[in-house]
Every structure is written in structure tokens, then in C-alpha cells.
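Just below is one structure, and these are the notes that go with it.
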Amino acid sequence: MIGSSLREDGREYNELRPLKIEVGVLDRADGSAYLEVGGNKILVAVYGPRESYIRRLLKPNTGVIRCRYNMAPFSVDDRKRPGPDRRSSEISKITADALRPALMLENYPRSMVDVFIEVIEAEGGTRCAGITAASVALADAGIPMKDIVVGCAAGKVNNEIVLDLSEVEDKEGQADLPLAIMPRTGEITLLQSDGDLSESEFSKALELAMDGCMQVSEIQKEALRKKYTDE
Ligand code: UDP
């Protein structure tokens, strides 16, 4: 069933949580963004392209992107142990993989782009929100890009396919399908699946997440326009 009842926070099945993005919030970084979606608060700093002292990571014919996703110890109800863990390593990797296809780093051989994603408060869907914010921060850093990658998840809660799961929905739900795309072409740069979905539920969730990505993409573009037309 789709769309037969309201969700625990009163949203329709295809409704995003309130979302706002601010561009260029840090002075020292080359690019930065701050994003809030529902109860998530995420700050992203981008540095580069720049030389790196970690020589083994550099490539002779292209620039390289490196991401660090980090959740603050106070970002969740139960204090999170500080420092990297399996989950943050995984999210750091999939974030770099999701962003890389959009970046035109060929003109920056032997250099590094560093993306730091700091989750200050978490309330479900932080990997997608981090990708969305990181992409805006990369644009703010002036890094040539084919497109602004955008992330949004859909999932299954109370046997319904719904958009942009909250933390409660993520924990109590039956499935979660985080997606990132390049909106101009619809090319998928991240697709994960956690939980059980039938083939038709998967198609519905994918379609809904795609639709969510297109909505979030408009807010990304608006945030960038605001920064670069107000100045
Ligand atoms: N979460 C938590 N403690 C943790 C990790 C996650 O409370 O150590 C919460 C947090 O709100 C997060 C949610 O669980 O957003 C869902 O986590 P998941 O691993 O599914 O990633 P996300 O949905 O944030 O991309």
C-alpha cells in the first residue's frame, strides 16, 4: 500500500522532512555548507585541490577525493564513542564513491580534495544528507563538476513505501534504500539497501527516492544561487 495514512511525524508518504542548506559558512575552508533536515545538523568543510603529504594516495594523472564522515559523540541520544568505527569508515568510503563521478579532477594531477562531514546532531538519513551537503560544499570550493550529486533515501515502514525516513522510522521500519544521483542524467552514484523489499516495493522505493533527490536538488541549487547572487 502507498499513501493510505499519515506517518508518526504527520508527513505524507512522499514528503521530505523540512530541509535547509546554507553555503559558505566557514572562513578557512575552500568550500563549506551547513545542512539541516529534520533533526539532522551537518557541517561540511572542503579543502583543495591541494598537495598532500600522504604521497601513496596521490595519482600522477588525476586529482583524488578523500572523505571523512564523523559523528560527534553528542550527536545521538546514547553517547557515541568518539573516533572512527566500521560504520563511519563505510560511510566515508561510499560518500567518496558517490561524489567522485561528478568531479572533473583530471586537471589536478597529484593533488587531493579533502571533504570533512561532521554530523553534529543525527536523526536518520545522515549518509544521504552528508552527500547532499558535501556536493554543495565542493561546488562552493569551485571544483569543476559535471553535476551536483544529491542524496535521499526511501524505505518501508508499517508496510508502506515512504520517503526520507526519520530515525524512528529507520529503527522501526522494515527497509531503507539510500540513493544518490547526478540529477542532470539520473545516473546513480550510490544505492544501498537494508532490510527486505519485494521487487515491486524496490521499484516503488527507488522511484520515490529519485523523486526525493530531484526535490532536494532544487534546494541545493537555490542555496548556491543565494550565496553567489547575494554577494
Ligand atoms: N544512530 C545512532 N547511533 C549510532 C549510529 C546511528 O543513534 O552510533 C542513529 C542516527 O540517528 C542515524 C540513524 O541511527 O542517523 C540511522 O543510522 P544508519 O546507520 O542507518 O545511517 P543513516 O540513516 O544516518 O545514513
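Only the coordinates and a few stated rules stand behind these numbers; no lab work does. What you see is a predicted model, and the numbers here were worked out from it, not measured in a lab. Reconstructed Cβ throughout: ideal geometry from the backbone, glycine too, with neighbour counts over all protein chains shown.
Tabulated values for the structure
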read-out	value
Qualifying positions in the range 8-60 - without any contact (Cβ under 8 Å) to a residue 24 or more places away in the chain and over 25 Å from Asp170 (Cβ atoms)	Val25, Leu26, Asp27, Arg28, Tyr53, Arg55, Arg56
Complete set of residues in the range 38-56 that are closer than 21 Å to Gly83 by Cβ, hydrophobic (A, V, I, L, M, F, W, C) and touching a strand residue (DSSP E or B) at 6+ places or on another chain (Cβ under 6 Å)	Ile42, Leu43, Val44, Ala45
Residues of the range 141-183 that turn out to be among the charged types (D, E, K, R) and over 25 Å from Phe116 (Cα atoms), as a count	5
Meets criteria (away from the ligand (no atom under 11 Å from the Cβ) and of a type outside the set (A, V, I, L, M)) for Ser75	no
Near pairs, Cβ below 7 angstrom, 6+ apart or cross-chain, from the range 116-130 (under 11 Å from Asp170 (Cβ atoms) and among the polar types (S, T, N, Q)) to any residue that is more than 6 Å from the ligand (Cβ to nearest atom) and not in a helix (DSSP H, G or I)	Thr126/Asn40; Thr126/Ile42; Thr126/Val119
Close pairs from the range 138-151: first more than 9 Å from Ala102 (Cβ to Cβ) and without any contact (Cβ under 8 Å) to a residue 60 or more places away in the chain, partner of a type outside the set (D, E, K, R) and not in a helix (DSSP H, G or I), Cβ under 7 Å, at least 6 apart	Pro144/Met104
Selected residue [in contact with a helix residue (DSSP H, G or I) (Cβ under 6 Å, 6 or more places away or on another chain), hydrophobic (A, V, I, L, M, F, W, C) and not in a helix (DSSP H, G or I)] from Ala33, Ala98	Ala33
